[in-house]
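Trainee: What follows is a structure written as structure tokens; I'll ask about it next.
The values are calculated or read from the model by the stated rules, or taken from the named source; none is laboratory data. Quick caveat, the model's predicted, so the values are computed rather than measured. So basically every Cβ, Gly included, is an ideal-geometry build from the backbone, and we count neighbours across all protein chains shown.
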Amino acid sequence: MTYDFFIVAIGSSAGGLSPLKDISSIIPVKANAAFVLVPHLVANYKSNLDIILSKYTNTPIVRASHGLRLQSNTIYLLPENKIMTVKDGLFILRERRSNEIVNNAIDVFFSSLAIDAKEKAIGVVLSGCGQDGLSGVRQIAINRGLVMVQDPKTAEFPYMPNSIVKQEHPDYILSPKEIVRKIIDRIGISQVKEEKIKN
């Protein structure tokens, strides 16, 4: 599929809430991009991440659903107990299988996005344990997309971003707010003001 906007996929795990708040707080309301959050969630516990992040942004936050079409100026959230891919601009969701003990939701989504969006894909990996995201960012890089990771020095759990820094040489290693500013440069928005956090 040919996209006329960018898709920014953001993977996170342990320690990811704080950087997600930072990023959400400065996402421009009218960005030429869709933002897809792929956090590691407890399988059988309803996540309130959409409610939490809505306090930090005026951009609509939507829980992804099967068959939903990606649109710009929207933040999408992976629901709990799901594995998600994208094809032809549509989300494809399935239940996470009981034998999928290791959570690789980031790798799965990033890899599908790399094929679907190619140079319009931006992969971001934040704080977390393990190596989820490593093979996914590799696919994004191969397909001419952009790869960013949270500076491990700023991450509560540096293992996920560190695995990429050591093995995949990401395009940028930045703090969460610097990541958003670099994304803004990439998608062509020249001026942006940090939004005030909602009360």
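Trainee: I'd like the full set of residues that are touching a strand residue (DSSP E or B) at 6+ places or on another chain (Cβ under 9 Å), under 19 Å from Phe6 (Cβ atoms) and not in a loop (DSSP other than H, G, I, E, B), limited to region 151-179.
Mentor: Result: Tyr172, Leu174, Pro176, Glu178, Ile179.
Trainee: Please work out which one of (1) in a loop (DSSP other than H, G, I, E, B); (2) of a type in the set (D, E, K, R); (3) within 24 Å of Glu156 (Cβ to Cβ) is the condition Asp22 fails and give its number.
Mentor: Exception for Asp22: condition (1).
Trainee: Considering region 93-113 alone, what residues qualify as being over 9 Å from Ile83 (Cβ atoms), in contact with a helix residue (DSSP H, G or I) (Cβ under 8 Å, 6 or more places away or on another chain) and surrounded by fewer than 24 Cβ atoms within 10 Å (Cβ to Cβ)?
Mentor: Correct list: Asp107, Ser111.
Trainee: Does Asn81 satisfy being touching a residue at least 40 places away in the same chain (Cβ under 8 Å), surrounded by fewer than 18 Cβ atoms within 10 Å (Cβ to Cβ) and under 16 Å from the mean Cα position of the chain (by Cα)?
Mentor: No.
Trainee: Here is a follow-up. Arg186 is checked against (1) within 17 Å of the chain's Cα centre (by Cα); (2) at pLDDT 95 or above and fails just one. What number does that condition carry?
Mentor: Single failed check for Arg186: (2).
Trainee: Which numbered condition trips up Met1, out of (1) part of a loop (DSSP other than H, G, I, E, B); (2) buried (at least 16 other Cβ atoms within 10 Å of the Cβ); (3) of a type outside the set (Val, Ile, Thr)?
Mentor: Against the list (1) part of a loop (DSSP other than H, G, I, E, B); (2) buried (at least 16 other Cβ atoms within 10 Å of the Cβ); (3) of a type outside the set (Val, Ile, Thr), Met1 comes up short only on (2).
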